[in-house]
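Only one structure is covered here, and it is reproduced in the block below.
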Amino acid sequence: MKKVRASMGTLGVLGLEMIKMDTPPTTAYLQIYTEKRCNANCQFCAQAKGSSADLKHIARGMYIPYDIALVVSRLSMAYERGYLARACIQTALYNTWWWDTVHLIKMIRENCSIPISLSVFPVSNERLEVIKSLKVNEIVIPLDACTPELFNMVKGKSTGGPYSWETHLDGIKRASGIFQKVGTHLMIGLGETDEDAIRLIQELWKDNVNTALFSYTYIPGTQFEVAKRQQSEIIRHFRVVQLARHLIIEKLAQYRDMRFENNILIDLGVEEDLLLSVIEDGGAFQTTGCPDCNRPMANETFSLMFNFPKKPEDGEKEKIKRELGLKSSILKKDIP
Ligand code: SF4
């Protein structure tokens, strides 16, 4: 493998592309290089075998093929100078994916000690042990969907792909046993309710699984598009899931403390003052996932922010409060 794909933002930080950035990435986002389509068929993914979308897309990001030796040597310099704090490697399922992934990890490790995250589908325990021995710091197995039914619809057996909800959960559990901690990605907005997402986040957290939230983004040429909903509902749902996740991870509340009406969150189960201070702090709305991962503009546009790559500013926090749409009594100090 002589090439690797790197996100445009990453190439900007590495000094390989001229790109103007409001907030540069703090993690280098890489993907193993192939011109083949993935053997899995996740309906939202540009690289899936049934997709006709541009292979360079991962969500909104463009991942450009570059010389692997050049990227790895610049990555090492950027890490030493404090511009990047992590390298995140995305995989895809094709005949040589395992050897290409190991090759890239080894090349990075021979050059520097930057923390590495590997985002991969479930693999055998033997391969998990190899990944660990290569000093990969975080392993992430994306579930993407919040319920077994949605999983089946967007990436499970019904898509003709190799995955199932059960084998993904099993893969996450085995990885957690070997790495002690494991991450997963949830794509919010595939049709799950507030309660589906929050219940799953709690269940996973109980098993030491950290969830990173993404918002579903339609990519032209992919095989799936969520039925159109009002933008206010899309963002309300994302914000309440973000906030509930933060309360759960910070041990400020649990799913069982929260109340739902028709699966819509109506009470986060914490005192108003605490809730207001969490919202005012803004950290609940920042990008979630591995340490030092800020994923600027992975799914966002300047007019529609889901994850903030840094703490939101005052004006942004006012907007967040309106987007949350929680009962005004909960936010009575801020919303007339
Ligand atoms: S949370 Fe960030 S660094 Fe971790 S796997 Fe996901 S994109 Fe990569």
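The values are calculated or read from the model by the stated rules, or taken from the named source; none is laboratory data. Since this is a predicted model, take the numbers as computed values, not measurements. In this analysis, Cβ positions are derived from the backbone assuming ideal geometry, glycine residues included, and neighbour counts consider all displayed protein chains. When the accessible area is computed, the model is the full protein with side chains, heavy atoms only, and any ligands, DNA or RNA have been set aside. Shrake-Rupley method; radii C 1.70, N 1.55, O 1.52, S 1.80 Å.
Given the residues C88, C38, which is the only one that is under 19 Å from V140 (Cα atoms) and within 16 Å of the ligand (Cβ to nearest atom)? Quick ask: steps written out before the conclusion?
On the way: C38 fails: within 16 Å of the ligand (Cβ to nearest atom).
Matching residue, one of C88, C38: C88.
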query: Among the listed residues D100, D54, which satisfies the condition of being acidic (D, E) and open to solvent by 50 Å² or more (accessible area, probe 1.4 Å)?
result: D54
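Going through region 155-191 one residue at a time, which ones are among the basic types (K, R), exposed (fewer than 15 other Cβ atoms within 10 Å of the Cβ) and closer than 18 Å to E203 by Cβ?
K181 - this is the single residue of region 155-191 that is among the basic types (K, R), exposed (fewer than 15 other Cβ atoms within 10 Å of the Cβ) and closer than 18 Å to E203 by Cβ.
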query: Which condition does C293 not pass, out of (1) open to solvent by 70 Å² or more (accessible area, probe 1.4 Å); (2) of a type outside the set (D, E); (3) modelled with pLDDT of 95 or more, if it passes all the others?
result: (1)
message: Yes or no: region 191-200 includes at least one residue that is over 16 Å from Q254 (Cβ atoms) and more than 18 Å from the chain's Cα centre (by Cα).
response: yes
task: Find all pairs meeting these conditions: Cβ atoms under 9 angstrom apart; at least six residues apart or on different chains; first residue within region 284-304 and under 20 Å from V240 (Cβ atoms); second residue within 8 Å of the ligand (Cβ to nearest atom) and outside any strand (DSSP E or B).
output: T287/C293; T287/R295; T287/A298; G289/R295
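Please work out which residue is nearest to the chain's Cα centre (by Cα), limiting yourself to region 226-248 and to residues that are of a type in the set (A, V, I, L, M, F, W, C) and open to solvent by 30 Å² or more (accessible area, probe 1.4 Å).
This residue is I234.
Taking the stated definitions as given, is V13 touching a Leu at 6+ places or on another chain (Cβ under 8 Å), under 18 Å from E138 (Cβ atoms) and among the β-branched types (V, I, T)?
Against the criterion (touching a Leu at 6+ places or on another chain (Cβ under 8 Å), under 18 Å from E138 (Cβ atoms) and among the β-branched types (V, I, T)), V13 does not qualify.
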task: Hey, can you tell me all the residues within region 249-266 that are touching a residue at least 60 places away in the same chain (Cβ under 8 Å) and either surrounded by 21 or more Cβ atoms within 10 Å (Cβ to Cβ) or assigned to a strand (DSSP E or B) (or both)?
output: M258, F260, I264, L265, I266
task: State which residue is farthest from the ligand (Cβ to nearest atom) when the search covers only region 70-85 and only residues that are open to solvent by less than 20 Å² (accessible area, probe 1.4 Å) and among the small types (G, A, S).
output: S76
query: Going by the conditions given, is K310 open to solvent by less than 60 Å² (accessible area, probe 1.4 Å), more than 13 Å from the ligand (Cβ to nearest atom) and of a type in the set (K, R)?
result: no
statement: Filtering region 88-113 down to residues that are in a loop (DSSP other than H, G, I, E, B) and within 26 Å of T288 (Cβ to Cβ) yields T91, A92, L93, C112, S113
task: Go through region 91-119 residue by residue and tally those that are out of contact with any strand residue (DSSP E or B) (no Cβ under 7 Å at 6 or more places or on another chain) and within 16 Å of the ligand (Cβ to nearest atom).
output: 0
query: When Q47 is evaluated against the numbered criteria (1) in contact with a Phe, Trp or Tyr (Cβ under 9 Å, 6 or more places away or on another chain); (2) open to solvent by less than 40 Å² (accessible area, probe 1.4 Å), which criterion, by number, is the only one it fails?
result: (1)
message: Taking the conditions exactly as written (in contact (Cβ under 8 Å) with a residue 60 or more places away in the chain, over 22 Å from F214 (Cα atoms), open to solvent by 10 Å² or more (accessible area, probe 1.4 Å) and more than 11 Å from the ligand (Cβ to nearest atom)), does R127 satisfy them or not?
response: no
message: From the list L324, L274, exactly one residue is buried (at least 16 other Cβ atoms within 10 Å of the Cβ) and more than 30 Å from M8 (Cβ to Cβ). Which is it?
response: L324
field: Qualifying positions in region 10-35 - open to solvent by 20 Å² or more (accessible area, probe 1.4 Å) and either within 16 Å of the chain's Cα centre (by Cα) or within 16 Å of the ligand (Cβ to nearest atom) (or both)
entry: V13, T23, P24, T26
- prompt: Can we say D281 is over 17 Å from E192 (Cβ atoms), at pLDDT 95 or above and more than 16 Å from the ligand (Cβ to nearest atom)?
  reply: yes
